[in-house]
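Trainee: Structure in structure tokens, see below.
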2 protein chains.
Amino acid sequence: MEIKIRKQVLEKNLTEADKNRSYFKKHNLFVLNMMSSPGSGKTETLCRTLKSLMPDIRVGVIVGDICTTNDADRLAVTGAKVTQINTDQFGGDCHLAAPLIDTAARKLGCEDLDLLIVENIGNLVCPAEFDIGEDARAVVLSVTEGEDKPLKYPLMFQVSDAAILNKVDLLPYLDFDDSLAVDNMKKVHPGMPVFAMSAKTGEGLDPWLDWLRQKVKEKQGNHSGVVKSENPS
Amino acid sequence: MEIKIRKQVLEKNLTEADKNRSYFKKHNLFVLNMMSSPGSGKTETLCRTLKSLMPDIRVGVIVGDICTTNDADRLAVTGAKVTQINTDQFGGDCHLAAPLIDTAARKLGCEDLDLLIVENIGNLVCPAEFDIGEDARAVVLSVTEGEDKPLKYPLMFQVSDAAILNKVDLLPYLDFDDSLAVDNMKKVHPGMPVFAMSAKTGEGLDPWLDWLRQKVKEKQGNHSGVVKSENPS
């Protein structure tokens, strides 16, 4: 029974996600859905990313949490447009569904943005199942979480277009085999780019930024022929 | 609509959980539901716990994962009876529901056990909503996850009877305020005992073991008048 209900919920969500996709396309906006376990460093990664990309790329962020506006507050100091979704008003949802993104995106205002990043609820399971109309998905795995997570939570890594292996500054203090972690990611998703970095120190950030810049450029090139990120007005 | 469906699913689960409770009571068994984010160190904590409690306390473990038997394999070497639930056969469920526990407990065989520990799916959200017929719940938070997690995922800490603050051996290398983390836990759940420890080094394990021994003793005292844990046959 549960599986049947879930199928219905996911189908309904997909219809709403398609509406979001049309809305984002209209605004020439590249949308990235960032997902991870709680405490993997999504917000710290985003702080670094926003500081590096702006103002050349105009970034907005939708932050999902069950409670608190902590992450939105941290991100707002970068100068990016930020809005918060607290799912405790919607039954404490464990993921962001497409209709919530629609409301949040319209509240944020997408007319003057090149890139919209959605920081999803900290959860390595459910968010992987819910399309929000995004162009790409990135999963963040912290080196403190163990090498086997891609094998134990394969769907999250299968649906992601890129992975960040975060907190590499802690490697000297952990029994963590980073090659094995990358191998496990490639096992469940061959060809997926993996960016090893420390959002805390900034080490290894550049390849990730290049990947993201390229994605924004491709999206804008596809739709307007004008590459806003290289020719900011 | 989603909230209404969820309410129905939770009500049905509660009925099944009550059946589990009767079954566990019949066998004089103390049942602990262990929950956390992925990679907080639940399995390492359990390995240490089993080695310390057995053979005085006879422990069985039900391990929940979406995929792999990695954790069950690690726990089996302690000599405990272990069985694995892989939820990918059930739609990749993000939590363990009561009927799955019923099947696993009967497969494991509870007649010769004093303590049954359920290692839930790594997820700080959904497992908190599903009663499995347990006597107590413990949440594990790793110091690598940040101090604000109790505020961001309050339900998990509200429904837990004890918390483990794990990986304290990493504190020298992190910007983590352990007093603030404990304060945040007490804010959402006043009076909840918090055990700071390192499952890796064994530091701080004893108060946790004492708490668990006491719980098993109380359950057995309530039902049989015989304290198996202090008078192993």
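Trainee: If we count other beta carbons within 10 Å of each Cβ, what is the order of B:Tyr153, B:Tyr23, fewest first? Walk me through the intermediate numbers first.
Mentor: Values: B:Tyr153 29, B:Tyr23 17.
Ordered by Cβ neighbours within 10 Å, fewest first: B:Tyr23, B:Tyr153.
Trainee: Could you tell me what percent of the DSSP beta bridges with both partners in the protein assembly as shown are antiparallel, to the nearest 5?
Mentor: Bridges in the protein assembly as shown are about 0 percent antiparallel.
Trainee: Placing a label point 7 Å from Cα toward Cβ, how far apart in nm is A:Thr69 from its equivalents in the other copies, listed shortest first to one decimal?
Mentor: For A:Thr69, the other copies' label points sit at 5.1 nm, shortest first.
Trainee: Under the definition of partner shielding as Cβ atoms of other protein chains within 10 Å of a residue Cβ, what is the mean value for peptide A:66-77?
Mentor: 2
Trainee: To one decimal in nm, how far is A:Lys4 from the same spot in the other copies, if labels go 7 Å from Cα toward Cβ? Please give the shortest first.
Mentor: Those label-point separations list as 1.7 nm.
Trainee: Going 7 Å from Cα along the Cα-Cβ axis for the label, what nanometre distances separate B:Lys51 from the same residue across the other copies?
Mentor: Listed shortest first, these distances are 4.1 nm.
Trainee: How big is the dipole moment of the protein assembly as shown about its Cα centre under a simple scheme where the beta carbon of each Lys and Arg is +1, that of each Asp and Glu is -1, and everything else is neutral? Debye, nearest 20, please.
Mentor: Numbers: 56 positive and 68 negative charges, 200 e Å.
It works out to roughly 960 debye.
Trainee: If each DSSP helix of 4+ residues adds -39,500 (n - 2.57) and the sum is divided by the residues in the protein assembly as shown, what number results at 222 nm, nearest 500 deg cm²/dmol?
Mentor: -12500 deg cm²/dmol
Trainee: In addition: Quick one: compute the contact order of chain B, relative version, from alpha carbon pairs under 8 angstrom and 6+ residues apart, as a percent.
Mentor: 25 percent
Trainee: So how do B:165-175, B:35-45 stack up, highest first, on mean other-Cβ count within 10 Å?
Mentor: Those peptides, ordered most packed to least, come out B:35-45, B:165-175.
Trainee: Highest first, please rank the peptides A:198-207, A:117-126, B:4-13 by the mean number of other Cβ atoms sitting within 10 Å of their residues.
Mentor: The packing order, highest mean first, is A:117-126, A:198-207, B:4-13.
Trainee: Let me ask something else. Residue by residue, what Karplus-based ³J(HN,Hα) values in Hz, rounded to whole numbers, does segment B:24-31 have, using 6.51, -1.76 and 1.60 with θ = phi - 60° and x for Gly and Pro?
Mentor: 5, 5, 4, 9, 6, 9, 8, 10
Trainee: Shifting gears a bit: Please work out the FRET efficiency for the pair A:Gln89 and B:Met54, using the Cβ-Cβ distance as r and a Förster radius of 35 Å; give the result to the nearest 0.05. It would help to have the intermediate numbers written out before the result.
Mentor: Details: r = 46 Å, r/R0 = 1.30.
E(calc), rounded to 0.05, equals 0.15.
Trainee: Work out the mean other chain Cβ neighbour count within 10 Å for the residues of A:39-52 and drop it here as an integer.
Mentor: 2
Trainee: Show me, for segment A:189-194, the HN-Hα J-couplings you get by feeding each phi into the Karplus relation (A = 6.51, B = -1.76, C = 1.60, θ = phi - 60°), rounded to Hz, glycine and proline as x.
Mentor: 8, x, x, 5, x, 10
Trainee: Here's another thing I want to ask about it. Taking amide H atoms as placed 1.01 Å from N in the peptide plane, list the residues 5 or more away in sequence, or in a different chain, whose amide H sits under 5 Å from that of B:Val61.
Mentor: Correct list: B:Lys81, B:Val82, B:Thr83, B:Ile117.
Trainee: Then there's this: Sequence-distant or interchain residues sharing an amide H contact under 5 Å with A:Asn123, placed H: which?
Mentor: The list, which skips near neighbours in sequence, is A:Ser36, A:Ser37.
Trainee: Using each residue's phi in segment A:162-178, evaluate 6.51 cos²θ - 1.76 cosθ + 1.60 at θ = phi - 60° and report the 3J(HN,Hα) Karplus result to the nearest Hz, with x for Gly and Pro.
Mentor: For segment A:162-178, the Karplus curve yields 7, 10, 10, 9, 9, 6, 5, 5, 8, 3, x, 9, 10, 8, 10, 9, 5 Hz.
Trainee: Taking every residue in B:149-162, how many Cβ atoms of other protein chains lie within 10 Å of its Cβ, on average?
Mentor: 3
Trainee: Roughly how big is segment B:2-220's charge dipole about its Cα centre, with Cβ charges of +1 (Lys, Arg) and -1 (Asp, Glu), in debye to the nearest 20?
Mentor: 620 debye
Trainee: Which of the lysines could a cross-linker span from B:Lys149 if the Cα-Cα distance has to be under 17 Å and same-chain partners fewer than 8 positions apart are dropped?
Mentor: Excluding near neighbours in sequence, the set is A:Lys42, B:Lys42, B:Lys167, B:Lys186, B:Lys187.
Trainee: Have a look at B:Ala104, B:Val140, B:Thr68 and report the one farthest towards the positive end of the charge dipole of segment B:1-148, computed about the Cα centre with Cβ charges (Lys/Arg +1, Asp/Glu -1).
Mentor: It is B:Ala104.
No lab work stands behind these numbers, since they all come straight from the coordinates. Keep in mind that this is a model prediction, so the values were computed, not measured. Cβ atoms come from the backbone with ideal geometry, glycine included; neighbour counts cover every protein chain shown.
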